[in-house]
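What follows is calculated from the coordinates using simple rules that are stated; it is not laboratory data. Not measured: the values here are computed from a predicted model. Here the Cβ is made from the backbone with ideal geometry for all residues, glycine too, and neighbour counts use every protein chain on show.
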Amino acid sequence: MFVLLRQLRRVRRDADLPPARTRGSLALRHVDAGSCNGCEHELQAVANPYYDLQQYGLDIVASPRHADVLLVTGAITTRMVGPLRAAYEAMPEPRRVAALGDCALGCGVLGAAAELAGPLEKILPVAARIPGCPPSPDRIAEELIALMRASPWEGPARSARRRSR
């Protein structure tokens with residue numbers, strides 16, 4: 001194990017990887033509201049070692065109770081309106097919503113009009129819009145990092161929530 005750790009340190013030093021320049025963190029809760037899975041594949045690519053979303057303090061969590069941002073992909077179907085609102089209400093304050101992909105933005109790419117509830121911003125307040133069908137991993141990372149930098153998360157509520165975890 002010691003040899004492996006030493007080799008990893010050497011590889012990192014030889015690659016001369018820059019340190020992460022952003023401070024803070026965001027916990028993302030991903031919800032697929034009715035997509036073709038194109039955005040999910042790109043979101044998975046952002047989490048891989050090449051793009052390394054976690055070096056910026058961005059992480060995908062399993063529960064909305066631990067999330068700072070609700071990241072929604074896909075065309076919002078009428079059956080997903082209730083679960084989306086429930087997930088949003090379960091999130092602690094301050095909370096944000098990000099619409100990932102053209103379907104979540106209401107561009108009408110997928111689905112029959114009778115089954116769609118419209119764009120996400122008609123249902124929840126959207127703080128970040130990430131257009132594309134699907135958006136590239138670079139674009140997803142840029143928008144989420146910009147959301148983290150622009151957000152007022154480092155306040156008394158956030159620090160109290162960190163202590164309680």
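Charges at C-beta only: +1 for Lys and Arg, -1 for Asp and Glu. How large is the resulting dipole of the stretch 62-128 about its Cα centre, in Debye rounded to 20?
Working: 6 positive and 6 negative charges, 25 e Å.
Using only the charged Cβ atoms, the result is roughly 120 debye.
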How would you rank V46, V126, going from fewest to most other Cβ atoms within 10 Å of each one's own Cβ? V126, V46
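Going by a ≥ b ≥ c, the root eigenvalues of the Cα gyration tensor, does the stretch 22-150 fall in the rounded group (a/c under 1.5), the prolate group (a/b larger than b/c) or the oblate group?
Numbers: a/c = 1.96, a/b = 1.32, b/c = 1.48.
Judged from the Cα gyration tensor, the stretch 22-150 comes out oblate (a/c at least 1.5, b/c at or above a/b).
Considering only the other residues whose Cβ falls under 11 Å of the Cβ of A90, what net charge follows from Lys and Arg at +1 and Asp and Glu at -1?
Numbers: positive: R29, R65, R85, R95; negative: E89.
Charge balance in the 11 Å sphere: +3.
Sort the stretch 29-96 into rounded, prolate or oblate with this rule: let a ≥ b ≥ c be the square roots of the eigenvalues of the Cα gyration tensor; rounded if a/c is under 1.5, and if a/c is not under 1.5, prolate when a/b is larger than b/c, oblate otherwise.
Working: a/c = 3.23, a/b = 1.25, b/c = 2.59.
Oblate.
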Cβ-defined net charge surrounding D138, 15 Å radius [Lys, Arg +1; Asp, Glu -1]: -3
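For every other residue with a beta carbon closer than 14 angstrom to the beta carbon of V3, add +1 if it is Lys or Arg and -1 if Asp or Glu, then tell me the sum. Spell out each step's value before the answer.
Values: positive: R6, R9, R10; negative: none.
Summing Lys/Arg as +1 and Asp/Glu as -1 gives +3.
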